[in-house]
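The structure under discussion appears below in the form of structure tokens.
The values are calculated or read from the model by the stated rules, or taken from the named source; none is laboratory data. Here the structure is a predicted model, which means the values were calculated and not measured. Quick reminder, even Gly has a Cβ in these numbers, built from the backbone with ideal geometry, and neighbours come from all protein chains shown.
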Amino acid sequence: MKTQSQIQKMLGVLFAISLILTACATPAPTSAPATSAPAATVAPAATSAPAATAVPAGPKKGGKVTLAVWQSPVTLNGLLGTQTVMSVVLNLVTEGMTEVQPDGTRVAALAKEVPTVQNGGVSADGKTITYKLKEKLVFSDGKPVECEDFKYSWQAIMTPNVGIVSTTGYSSIETVDCPDPLTVVVKYKSFFAPYLTLFNGSDLIPRSAGDPKGMKDWAHNRKPVGAGAFIIEEWKTDEFIRLKRNDKYREAGKPYLDEVVVRIVPSSEVALQLVASGEVDIMWNNTEADIPQLEKMAGVKVSAPLQIGGERLFLNMAENKDPSDPKKPHAILSDVKVRQAIAYGINKQRIIEKLLNNKAKPGSSELNAGYFECKTIQAYPYDAAKAKSLLDEAGWKPGADGIRLKDGVKLRLKYSTTSGNKLREDSQVLVVEDMKAIGIDMFIENAPSSVVIGTWDGGSPRRHGNFDIIMYTTNAGIDPHSQMVNLWSSANIPSVDNKGGLNYTRFNNPKADDLLKQASGEPDPAKRRDMYCQLAQMTYDQANMIYLYQRSAIDSYRDRLLGFTSNAWSNTAYNAKEWSLK
Amino acid sequence: MGKYILRRLLQAIPLVILISMTVFLLMHLIPGGPLAAYESPGITAEDLERLKHELGLDVPIHIQYWNWLMAIVRGNWGTSIVSGRPVLTEISERIFNTLYLSIVAFIGSLLISIPLGVTSATRQYSKIDNIATTIAFFGQSIPIFWMGLILIIIFNVMIKNPNTGGPLLPGGGMSTIGSDFSFEDRLRHLILPASVLIFFNLGTHVRYTRSGMLDVLHQDYIRTARAKGLNKRTVILKHALRNSLLPLITIIGLELPGLFNGALITETIFSWPGMGRLFFNSIDRADYSVMMGVLLMNAIMIVLSGLLTDIVYGFLNPRIRFD
């Protein structure tokens with residue numbers, strides 16, 4: 001029989017061995033890349049600008065680049081999918097009328113120029129948009145790119161019962177006319193403000209794709225044909241997508257590379273190691289936490305343009321105990337002074353320093369990047385004293401335990417976000433601390449994201465309005481119109497009759513509704529920008545939405561790859577035609 | 001015997017139906033549903049309602065289940081809600097990748113652990129026994145995730161191939177992308193993930209072989225055999241081994257369906273396109289039809305391997321009768 005002491009002895013030995021093993025092995029991830037390179041200390045984390053990556057002598061031709069993505073696309077039909085990774089792959093394959101540059105400006109791709117009121121591309125009422133196509137354009141299969149393809153794409157998007165994800169914008173089109181093969185005339189039923197966002201990238205489907213009614217079974221879904229720089233050669237599900245150069249690409253000599261491999265590496269810890277070893281050239285979608293490790297790797301660069309939008313707190317201004325009347329004011333949060341006090345009381349910089357490696361910006365407004373940026377709005381500064389005096393003014397006086405009271409009611413608010421997201425949960429802790437310091441008692445009650453951001457019928461609190469504060473990330477696209485309408489239009493306050501409404505703070509302001517109405521009919525983007533900016537200022541003053549931080553779209557890549565830049569508007573690989581190898 | 005098998009198979013039918021019904025219900029209790037993936041600021045309420053209808057999610061759950069069951073009876077496993085491809089295609093693309101890895105790891109583990117477990121038991125408390133049990137203990141306790149990552153750091157990042165200057169072993173995938181089939185290339189890709197799985201399986205297999213053997217070695221008939229003057233080797237291999245394997249067979253029977261499920265963590269670490277990731281992703285995306293397909297296959301495998309285990313018992317121990 002095994003004696004007690006023997007077992008103890010063995011356990012002791014095991015424990016010792018495991019200690020030694022952990023001691024030997026744990027530092028390996030960080031020390032390995034650093035020691036393998038002599039010049040480790042100078043590896044720069046360059047936020048690269050397009051100009052910096054241009055190569056004077058003419059880029060070298062040929063070669064293969066491997067791009068690691070953590071998720072596998074489920075479909076490559078851009079009309080049927082929602083994944084970001086799908087857009088990354090389709091960036092390599094497709095091109096449409098126009099595309100967005102990293103600075104948020106729009107340039108022509110297949111169109112000769114971006115239509116504007118000035119160049120006659122946009123009619124005075126904004127309802128007719130005329131595009132001129134470049135000459136002799138072909139898809140990668142050699143078939144010409146003509147007006148009929150755009151018309152067909154619109155019809156395909158409007159096909160019922162095939163699972164098209166979004167018909168936004170396209171459903172406002174009355175007709176697409178083709179006076180000649182190179183002229184596309186789009187007539188809208190009513191003015192659609194973000195008209196430039198249509199007919200781009202993967203929305204252009206060649207008419208050879210097949211009958212739209214049978215879209216679910218199209219060969220196109222696995223092997224899309226586009227006018228982009230690369231062609232899908234082979235797709236092994238969950239493993240890789242191999243693309244080769246499109247010899248018929250519209251810009252002569254481009255792309256420079258012969259091959260791009262999109263490799264699915266589901267574990268980001270592993271992908272980091274593969275960038276270190278050089279087995280992959282690009283890692284898509286890094287987090288701020290990766291940056292210290294990446295900076296230590298020799299021969300690895302980081303590209304991190306700021307993204308629009310970001311993490312924010314939705315403050316529910318409507319009664320949350322009885323949500324039957326969605327416009328009835330909230331007992332605590334309906335007071336603008338309380339909301340502003342919360343905004344002043346949160347130390348955003350501390351969150352960014354502690355949780356995001358100092359690689360994010362304090363959140364300011366909905367319009368914090370790109371063409372529509374509202375530059376006059378600065379983030380609420382951290383000012384606890386001001387927060388306290390605002391609460392005093394609002395009649396909330398500190399109680400015995402430091403938590404403020406008014407008419408015997410405690411200043412106590414429920415603070416929810418999606419559970420299981422460490423960054424969110426950690427930032428909640430910091431916010432709760434900050435709030436406690438100014439006398440607000442916030443208590444955390446989180447739920448899975450599918451519950452928090454779920455549907456009306458699924459009982460989502462965000463929709464029903466039975467919440468105080470909910471926190472998550474959302475963002476406007478390159479054209480913020482739909483985001484502005486969704487968030488600030490009183491017609492979008494969710495209710496039984498409007499289950500899909502997205503105005504979760506229950507912002508209800510006739511002036512805002514007016515501005516939105518005006519913007520919806522304004523064909524000049526510059527004027528629209530002013531209106532949105534006024535609107536953003538209004539919600540900033542109301543502090544019904546408190547923006548925590550604005551993050552970057554971070555990618556890392558080996559320095560043997562030239563011409564790589566990330567584009568927060570259009571995902572990685574938007575400019576793959578410019579990539580080349582050293 | 002044939003009658004027994006037939007009876008067991010017939011009994012399995014209501015069982016599988018019951019399992020599928022429970023699973024179908026549980027699945028729909030998961031909050032969110034397939035439409036959650038489509039929810040983004042850009043999508044309108046009308047689009048969501050339209051998608052709900054187009055994906056067949058607006059019919060009552062019992063009718064959804066009935067439709068699913070009737071389709072299965074006709075051999076139609078349905079199509080993925082997310083990718084729109086047939087569930088059987090989704091499964092068949094991965095099942096061989098999974099079996100390839102899991103069978104190699106399974107056989108590899110048995111080839112090591114049976115001799116190791118037997119030696120360990122016959123020389124109880126010897127040095128080799130201590131080493132074997134320690135290895136088994138480690139295999140069970142070290143997180144696969146951690147071990148896989150460490151192996152990649154050692155063999156991909158730190159150690160270079162002296163001939164090419166590139167990494168010594170690939171850090172994942174089944175073969176070099178874009179190259180023609182090569183046995184050596186396949187093998188190089190198999191080494192790390194298979195080692196991790198073998199190491200993990202060793203834990204269980206060594207312990208069960210060892211304890212099974214120890215049990216048997218203390219039986220009277222072993223003493224009798226030794227007393228007859230048979231040499232130790234014959235006693236162990238002829239008399240003891242077959243009986244000692246019963247507990248291991250039970251465990252193997254329980255593990256068999258797992259061979260088809262894939263190993264999620266190993267697949268994730270080594271970018272292996274297998275069933276584990278398919279199932280995980282289908283849950284993540286609330287892709288009901290793929291989830292149901294995988295679970296149905298799983299239920300069938302469990303029933304079949306239970307039956308297989310019972311039959312093998314009979315061969316190993318003739319006292320077990322089928323009637």
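Tabulated data
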| quantity | calculated |
| --- | --- |
| Some residue of region B:106-123 being in contact (Cβ under 8 Å) with a residue 24 or more places away in the chain and farther than 24 Å from B:A240 by Cα | no |
| Test for A:S171: is it among the small types (G, A, S) and within 14 Å of another protein chain (Cβ to nearest Cβ) | yes |
| Filtered residues of region A:540-582 (kept if of a type in the set (D, E, K, R) and surrounded by fewer than 21 Cβ atoms within 10 Å (Cβ to Cβ)) | A:D541, A:D559, A:R560, A:K582 |
| Test: residue in region B:120-129 that is assigned to a helix (DSSP H, G or I), surrounded by 15 or more Cβ atoms within 10 Å (Cβ to Cβ), within 9 Å of chain A (Cβ to nearest Cβ) and not basic (K, R) | no |
| Every pair of residues 6+ apart whose Cβ atoms lie under 7 Å, when the first sits in region B:145-160 and is at negative phi and within 8 Å of another protein chain (Cβ to nearest Cβ) while the second is surrounded by fewer than 18 Cβ atoms within 10 Å (Cβ to Cβ) and in a helix (DSSP H, G or I) | B:I150/A:A25; B:I150/A:A28; B:I153/A:A28 |
| Positions within region A:270-289 being within 7 Å of chain B (Cβ to nearest Cβ) and either within 26 Å of A:S140 (Cα to Cα) or in contact (Cβ under 8 Å) with a residue 24 or more places away in the chain (or both), in sequence order | A:Q273, A:L274, A:A276, A:E279 |
| Residue check for A:G210: in contact (Cβ under 8 Å) with a residue 12 or more places away in the chain and at positive phi | no |
| Subset of region A:539-560 [in a helix (DSSP H, G or I) and over 24 Å from the mean Cα position of the chain (by Cα)] | A:D541, A:Q542 |
| Hits in region B:70-118 (condition: of a type outside the set (A, V, I, L, M) and assigned to a loop (DSSP other than H, G, I, E, B)) | B:R74, B:G75, B:N76, B:W77, B:G78, B:S80, B:S83, B:G84, B:R85 |
| From the options A:S416, A:S365, residue that is more than 20 Å from A:I440 (Cβ to Cβ), of a type in the set (S, T, Y) and buried (at least 22 other Cβ atoms within 10 Å of the Cβ) | A:S365 |
| Every residue from region A:329-371 that is without any contact (Cβ under 8 Å) to a residue 40 or more places away in the chain and in a helix (DSSP H, G or I) | A:Q349, A:E353 |
| Matching residues in region A:265-294 - criterion: being part of a helix (DSSP H, G or I), of a type in the set (V, I, T) and buried (at least 21 other Cβ atoms within 10 Å of the Cβ) | A:V270, A:V275 |
| Where A:V265 falls short, out of the listed (1) more than 7 Å from every other protein chain (Cβ to nearest Cβ); (2) within 26 Å of A:G226 (Cα to Cα) | (1) |
| Yes/no for B:H205 being assigned to a helix (DSSP H, G or I), at pLDDT 90 or above and within 13 Å of another protein chain (Cβ to nearest Cβ) | no |
| In region B:70-112, residue surrounded by the fewest Cβ atoms within 10 Å (Cβ to Cβ) [restricted to those that are more than 12 Å from chain A (Cβ to nearest Cβ) and at positive phi] | B:G75 |
| Test: residue in region A:372-388 that is surrounded by fewer than 16 Cβ atoms within 10 Å (Cβ to Cβ), at positive phi and part of a loop (DSSP other than H, G, I, E, B) | no |
| Residues that are outside any loop (DSSP other than H, G, I, E, B) and closer than 23 Å to A:K143 by Cβ, drawn from region A:242-259 | A:R242, A:L243, A:K244, A:R245 |
| Of all residues in region A:101-136 being farther than 18 Å from A:W569 by Cβ and acidic (D, E), the one that is modelled with the lowest pLDDT | A:D125 |
| B:L190 being outside any loop (DSSP other than H, G, I, E, B) and closer than 15 Å to A:E279 by Cβ | no |
| Out of B:S175, B:S179, sole residue that is surrounded by fewer than 16 Cβ atoms within 10 Å (Cβ to Cβ), at negative phi, modelled with pLDDT under 95 and within 13 Å of chain A (Cβ to nearest Cβ) | B:S179 |
| Count - residues of region B:260-276 that are in a helix (DSSP H, G or I) and either crowded, with 24+ Cβ neighbours inside 10 Å or more than 7 Å from chain A (Cβ to nearest Cβ) (or both) | 9 |
| Residue check for A:L516: part of a helix (DSSP H, G or I), surrounded by 20 or more Cβ atoms within 10 Å (Cβ to Cβ) and more than 11 Å from every other protein chain (Cβ to nearest Cβ) | yes |
| Options B:R233, B:R226, B:R210; residue that is over 30 Å from A:V260 (Cβ atoms) and in contact (Cβ under 8 Å) with a residue 60 or more places away in the chain | B:R210 |
| Residue count for region A:295-307, restricted to those that are surrounded by 22 or more Cβ atoms within 10 Å (Cβ to Cβ) and not in a strand (DSSP E or B) | 2 |
| Selection within region A:378-411 - in contact (Cβ under 8 Å) with a residue 60 or more places away in the chain and within 30 Å of A:Y549 (Cα to Cα) | A:A379, A:Y380, A:L411 |
| Long-range neighbours under 9 Å by Cβ, at least six apart or interchain, first residue within 13 Å of another protein chain (Cβ to nearest Cβ) within region A:227-250, second aromatic (F, W, Y) and assigned to a loop (DSSP other than H, G, I, E, B) | A:D238/B:W272; A:E239/B:W272 |
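Matching residues to (1) within 14 Å of another protein chain (Cβ to nearest Cβ); (2) closer than 23 Å to A:Q349 by Cβ; (3) not in a loop (DSSP other than H, G, I, E, B); (4) not acidic (D, E):
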| position | (1), (2), (3), (4) |
| --- | --- |
| A:L405 | no, no, yes, yes |
| A:G420 | yes, no, no, yes |
| A:R424 | no, yes, yes, yes |
| A:L430 | no, yes, yes, yes |
| A:F443 | no, no, yes, yes |
| A:T455 | yes, no, no, yes |
| A:G459 | yes, no, no, yes |
| A:T473 | yes, yes, yes, yes |
| A:L487 | yes, no, yes, yes |
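Yes or no, residue by residue, for (1) over 22 Å from B:G293 (Cβ atoms); (2) touching a strand residue (DSSP E or B) at 6+ places or on another chain (Cβ under 9 Å); (3) at pLDDT 90 or above:
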{"residue": "B:Y4", "(1), (2), (3)": "yes, no, no"}
{"residue": "B:L10", "(1), (2), (3)": "yes, no, yes"}
{"residue": "B:P14", "(1), (2), (3)": "no, no, yes"}
{"residue": "B:L26", "(1), (2), (3)": "no, no, no"}
{"residue": "B:G33", "(1), (2), (3)": "no, no, no"}
{"residue": "B:G42", "(1), (2), (3)": "yes, no, no"}
{"residue": "B:G117", "(1), (2), (3)": "yes, no, yes"}
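Condition check ((1) more than 13 Å from chain A (Cβ to nearest Cβ); (2) free of Cβ contacts under 8 Å to residues at least 40 places away in the same chain; (3) acidic (D, E)) across all residues:
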{"site": "B:V23", "(1), (2), (3)": "yes, no, no"}
{"site": "B:A36", "(1), (2), (3)": "no, no, no"}
{"site": "B:L48", "(1), (2), (3)": "no, yes, no"}
{"site": "B:L51", "(1), (2), (3)": "no, yes, no"}
{"site": "B:W68", "(1), (2), (3)": "yes, no, no"}
